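Have a look at the structure below before the remarks.
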Amino acid sequence: MQIRRHQIVRYEKRHHPESEPHVASHSHKCVLSETTSALTDQPQKIQRTIQHNGRARRGDFDNNVQDVIKAAQDLMKVKLYTIYAFPTALQQEDWIAEIWPEANRLEEVDYQITGEIHKLLLRCNTQLHSAVKDAARKAVSSQYQFTDAVSKKDKELNKAKYEKLMANGGGDDDLPCWLFLKSDMKKPAAERQNIYWNPAISSFTNKTVYNNCSRSSIGIKYPALIGTYLTSAHIAFNLTMIQFALTEWEDGYFNDSIFTEDTGCKIYKIHQADLLKYAEAFGEDKLIHLGTKLVDVGRNFAGLGP
């Protein structure tokens, strides 16, 4: 079945207004508190407190500026998860223009963005991809129990496991077995509704939903911006990273592959289309139910309660 790009956009607009993949001029307004800050007429200028020849880092600025930069980075992460994980340069420019004033509002200050900070925020894209990729590798290795390939037998076992996971699930949709629960694989393809809920996917998704305040957390800091369910964009991003981590075991041993934007974007679009097929096969409410369940479990994982 041919999946057109506008169909994915239409689904997101209808069921999660905050998400509009591929739309550069999208407005994703943040409403986190009713507090309004007394801002000065002219934004304050920013200067580094630590000078060096390298590119700017958050720690190069005073604490107040660091807080604003951190808030802007957290808001950028929301965009990448919930709207589109592989934005164009134009999309990122639009996001930064919207995010910086909001970050100032959250911190009750009014700083003028600099070229160095602008470039720093543009790096959020690759930084999040790298962090999520590392988390996906750990989830794949532990949940599927791949072993360090010391012997030829180890390699053969790993390779056989990989091939089984990546094999077609037997349906007309060409979905691989790793997307399903084992119990669902015993059912006819048309009745497999527990897709995207196997242990590797669910345990990994827990880490990408809410920030649990640890330095290694890759989740979203602002619960209000997640909504009541994960967008298909968020789910597709998680699946992209898990699939990439799986392919690193294709030869029977771990192959530390380079993740590129081009490779990730291609996988991402496939999963977006498959999620749309899932919604068409079982109903859009079923996809929303999946996203709601993932948010609820992620909330408990982060210690935020039911």
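Over the range 51-128, Cα pairs under 8 Å with separation of 6+ residues give a relative contact order of 42 percent. Estimated at 0.36 nm per residue, the fully extended path between GLN42 and ARG123 surpasses their Cα-Cα distance by 26.4 nm.
Under 5 Å between amide hydrogens, built in the peptide plane, is the criterion, and for TYR111 it picks out GLN44 among residues at least 5 positions away or on other chains. Just the protein heavy atoms count here, and of the accessible area of the range 106-264 at 1.4 Å, carbon and sulfur take up 50 percent. Structure note, pairs LYS161/LYS207; LYS70/LYS182; LYS119/LYS286: Cα-Cα distances above 29 angstrom occur for LYS70/LYS182; LYS119/LYS286. On full extension, the segment bounded by CYS265 and LEU304 gains 10.9 nm, given 0.36 nm per residue less the C-alpha separation. Applied to the range 237-242, the Karplus parametrisation 6.51 cos²θ - 1.76 cosθ + 1.60 on θ = phi - 60° returns per-residue 3J(HN,Hα) values of 5, 4, 5, 4, 6, 5 Hz, with x for Gly and Pro. Annotation: peptides 79-90, 256-267, 109-120, ranked by per-residue average of other Cβ atoms within 10 Å with the highest first, follow the order 79-90, 109-120, 256-267.
Calculated accessible area for the range 202-306 comes out at 42 Å² per residue, all protein chains present (probe 1.4 Å; ligands, DNA, RNA ignored).
P(r) for the range 167-286, from all Cα pairs and a bin width of 5 Å, is 2, 9, 18, 21, 22, 14, 9, 4, 0 %, short bins first. Quick check on my link table: of LYS164/LYS293; LYS159/LYS269; LYS138/LYS159; LYS221/LYS269, which ones sit more than 24 Å apart, alpha carbon to alpha carbon? The pairs that break the limit, which is 24 Å between Cα atoms, are LYS164/LYS293; LYS159/LYS269; LYS221/LYS269.
Taking the three principal axes of the alpha carbon atoms in the range 44-127, the coordinate ranges are 34, 30, 17 Å, sorted in descending order. Put simply, the range 103-156 fits an ellipsoid with semi-axes of 44, 13, 5 Å; these come from the alpha carbon gyration tensor as the roots of five times its eigenvalues, largest first.
The values are calculated or read from the model by the stated rules, or taken from the named source; none is laboratory data. All values reported here derive from a predicted model rather than from experimental measurement. All Cβ positions, glycine included, derive from the backbone under ideal geometry; neighbour counts span all protein chains shown. Heavy atoms of the whole protein, side chains included, go into the accessibility calculation; ligands, DNA and RNA do not. Shrake-Rupley method; radii C 1.70, N 1.55, O 1.52, S 1.80 Å.
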